[in-house]
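First the structure, in the form of structure tokens, and then the observations on it.
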Amino acid sequence: MTDDLRADPDQLLEAIQKQESLQKRGRLKVFLGMAAGVGKTYAMLEAAIKQKSLGVDVVIGYVETHGRMETDLLAQKLPTIPRKQIEHRGILLPEMDVDAVLARKPRVALVDELAHTNAPGARHPKRYQDVLELLDAGIDVYTTLNVQHVESRAHTVEDITGSTIHETVPDSILDLAEIELIDISPEDLMRRLDEGKVYMPDRAAVAMVNFFREGNLTALREIALRLAADRVGQDVRDYMQVMQIPGPWKTGHRLLVAISASPLSAQMVRWTRRLADSLDAPWFAVHVETSRVLPETDQTRLNKNLAIARELGAEVITTADEDVIRGLLRIARQHNATQIVVGKPAGHNFISWFKGGHFLRRLVEESGDIDIHVVRADKAETPQTPFTWKPQGPIPWKQYGWSLGLVAAVTVLNSSLDSFIGHRAVALIYLLSVVILALFVGRGPVVMTATLSALLWNFFFLPPRFTLYITTIEDAMMFGMYFIVAIVMGELIARFRAKEKAERKREERTTALYHLTRELADAISLDQIVAVLVRHIGKLFNAEAAVLLSEPGNELPRQPMSGSTLKISEKEHSVATWVLHHNQKAGQFTDNLPLSEALYLPLSTATGALGVVGVRLPQSSAPSLEQTNLLEAFVRQAALVIDRQRLHESFQQTRLVAESERLSKTLLDSISHEMRTPLAAITSATSALGDPSHPASPAYTQAMLNEVREAVTRLNRLVGNLLDIARVETGHVKPRLDWCDVGDLINVTVNHLQKELSGRPLNITIHPQVPLVRMDFVLMEQALTNLLLNAAFHTPAGTAIDILAEPRDKELALTVADHGHGIPPESLPRLFDKFYRTPGTSTGGTGLGLSIVKGFMEAQNGRVQVENRPAGGAAFTLYLPLSEVPNVAAETS
């Protein structure tokens, strides 16, 4: 297989890895439609029923029929996993039970409305994340999606319909999917809307005024058709890459325009854009990089031409190859291009005509089935410049000097050997020196060496000597051989060096990107991400850099982020703001605000610009295409990581808000109940005592006072628990450790709870080997009190409570065990969470007591554990580390 037909290794590897990853995971099938009501759910259910008839295990994870009778009848033919009810602000919201689907592990799961946002408290914020988890578990998923919810198309739909799209799905999800387009005409959809098959009558009337207009639906239909066609086209290209099919497969028009530093390239780009619009075809611009060093003016013009291609919507591709035609055709076949656009030679001298004609002739001959468009440039814009020869880069004077020295040395050597070996052997020595020299110097010195060697051999050694006259054909062939060998060797060595240089540059770029990506992946904060980006830009480009991330309101802060090395003045800040708002690079070496002191690039993602990166390069000339591409790759990679970090922080914030709402609701419910009961008792007792119409007896008065005293004690305990948990949460619990006797701790605690524990047998066992323990007596008393009250509250009256103190593995184990019903196994991991109460428990209590116990024990370097006893009941054990008891001097009389 020739080089131009060989598949690109990176793209081939990417296509193979994509197929392998899809084989390991479940398969995703998306039923795509232009709007609600086209029949996506109905088609999905029909496909699922067909799979079930073939013996495939199919279940409904979540399907929304919207009350449509035909859809309901289909859904009833498939097994359904019950939905999970999630409480949010007092309302139960049904969501898909991901755990139940995973436990059921069907072959195919139906999950409707891929773009749906889950209720707060669900496993994932978005339903497509639930789908990804099912796919990772090897479950195939059928799902539905409207085109307006595709992230890359949402903004376009908003512009067309005027409706705001709140829920979107990343395009990367569709890259994993097989797409089935559910298409009906806008007229049929409007008819279905009138018949009430899409929305209820009141909603249908509003929809027809806003979203569901015939013009809107026609545009949405076109977007959906294009999206489906693009995905199918990508599948075709992946298949061609894996199977190494050279192509093109003309399944549709795909245009390629060749871009160079020529002034005509901008016209070719515009012409290709017009052709792509008329053919309704995708197009891309390709530049083939060679080892030839471009002058500053040409480099600037090339960057401008590439920028024009990007602005006009082209996919810009750069590749390295010494043969421009070979590079163009390789990219064309890899991307299944059907037409190539090139410019017609515009030169008026012989050399320009010959070079351009040779280029076109080779391109036409080697392009195969690819069509070639040769476009004539506009005369008004065609540059009329005379041909002038300029050397490519600086002249290597040292190489010329070495060549002259080598020729002189070989001539001296040949003079001493001429009488022994003859003039033809001398010619071979000259030729050998030319071949060896070609390994170390460039084309020019090699040609000069060959010319001098031929002339010196002819003048000094070839009869008749001291003339340039050649008498035999053999000598003439030898003379000409010098130039042929010099040209061939020079060209071969130049190609090898150019390839070596290109590979070295590619390796440097790849290594730089690898190190940047690896360090960005390890960064855990925005400051670390910025520091990594600035450090790599400074190291590779020897440049100063600054990062400014957008704030709420799409504004930039005045000062760059920590770690930046470039200072931003007021004028430079306005340039950076322009870049953020327009999502285009500007500043030095660009056409946008070029008088700026630095180059500014947007941190762009699919959702827009997240901020701006400013770079002050040390050179006064424009950066090369290679430098520009690498710098933009750095910025794009950093933008993706910053976007991921912000999404992670947003997700954490959402979880925190949801958890705060849940805890606040639980706290209010618990406290309101706990406070209402004692307050009601106090109110009732004081009212009875203060009623003058019913004189109270001393016994009745004492009973009412006891009731008030109990209510006040209960309120005092509630307030104490709230204060204690606040101390634990804020880290204000500072234990005062001292040597204490465990027996004293148990006796003091039991005495304080005589009333609460009355009627309950207490089995207290203290192991004789329990030593003094360093503890905070007050905190331990509170912890033990909470455990005893917990046991008394959650077990039937008269049930015994066991208290055991013993040493275990250099720790004191203080256990409070009851003889109740135990704790449900699923509640054991959450028992010490704030406000958590086991399901089925009687009302009362705030769920704070055990959280306080955990906090108090951890403050003393201890811990608490809970387990169900084999004979029934629960056992809570407090652990404290045992230390060597200090020696106390005996008292002297």
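All of the numbers you see were taken from the coordinates with simple rules; none came from a lab. Predicted, not measured: the structure shown is a model, and the values here were computed from it. We place every Cβ from the backbone using ideal geometry, glycine too, and count neighbours over all the protein chains shown.
Multiplying the sequence separation of residue 772 and residue 103 by 0.36 nm and subtracting their Cα-Cα distance, what value in nm do you get?
Length gained between residue 772 and residue 103: 235.7 nm.
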(message) Using all alpha carbons of the stretch 397-498, what is the percent of pairwise distances in each 10 Å bin, ordered from the shortest bin to the longest?
(response) 17, 48, 29, 6, 0
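Can you list, largest first and rounded to whole Å, the semi-axes you get for the stretch 455-549 by taking the square root of 5 times each eigenvalue of its Cα gyration tensor?
62, 13, 7
Please state the shape class of the stretch 255-375: rounded when a/c is under 1.5, otherwise prolate if a/b exceeds b/c and oblate if not, all from the C-alpha gyration tensor.
Cα axes put the stretch 255-375 in the rounded bin.
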(request) Describe numerically, in nm with one decimal, the distance between label points set 7 Å from Cα along Cα→Cβ at residue 497 and at residue 372. (result) 3.1 nm
(request) Report, in cubic angstrom per residue, the convex hull volume of the C-alpha atoms of the stretch 521-631. (result) 112 Å³
(message) For the stretch 733-881, place one equal point scatterer on every Cα, skip the solvent, and apply the Debye formula. What is log10 of I(q)/I(0) at q = 0.15 Å⁻¹?
(response) -0.75
(request) Using label points projected 7 Å from each Cα along Cα→Cβ, tell me how many nm separate residue 521 and residue 592, to one decimal. (result) 3.2 nm
(message) Output wanted: per-residue J couplings in Hz (rounded whole) for the stretch 326-337, from phi through Karplus 6.51 cos²θ - 1.76 cosθ + 1.60, θ = phi - 60°, x for Gly and Pro.
(response) 4, x, 4, 5, 4, 5, 4, 6, 5, 9, 6, 6
(message) What is the distance in Å between the Cα centroid of the stretch 425-487 and that of the stretch 173-194?
(response) 77 Å
(request) Just flag the chymotrypsin sites (Phe, Trp or Tyr not before Pro) in the stretch 30-83 sitting in loop per DSSP whose Cβ has no more than 13 other Cβ atoms within 10 Å. (result) none
(message) Using a Förster radius of 25 Å, what is the FRET efficiency between residue 358 and residue 451 based on their Cβ-Cβ separation? Nearest 0.05, please.
(response) 0.45
(request) DSSP loop (so not H, G, I, E, B), at most 14 other Cβ within 10 Å: list which trypsin sites (Lys or Arg not before Pro) in the stretch 276-336 pass both filters. (result) 292
(request) Would you please put 118-128, 643-653 in order of how densely packed they are, using the mean number of other Cβ atoms within 10 angstrom per residue and starting with the highest? (result) 118-128, 643-653
(request) Measure off 7 Å from each Cα along the Cα-to-Cβ vector at residue 460 and residue 653, then give the distance between these two points in nanometres to one decimal. (result) 8.3 nm
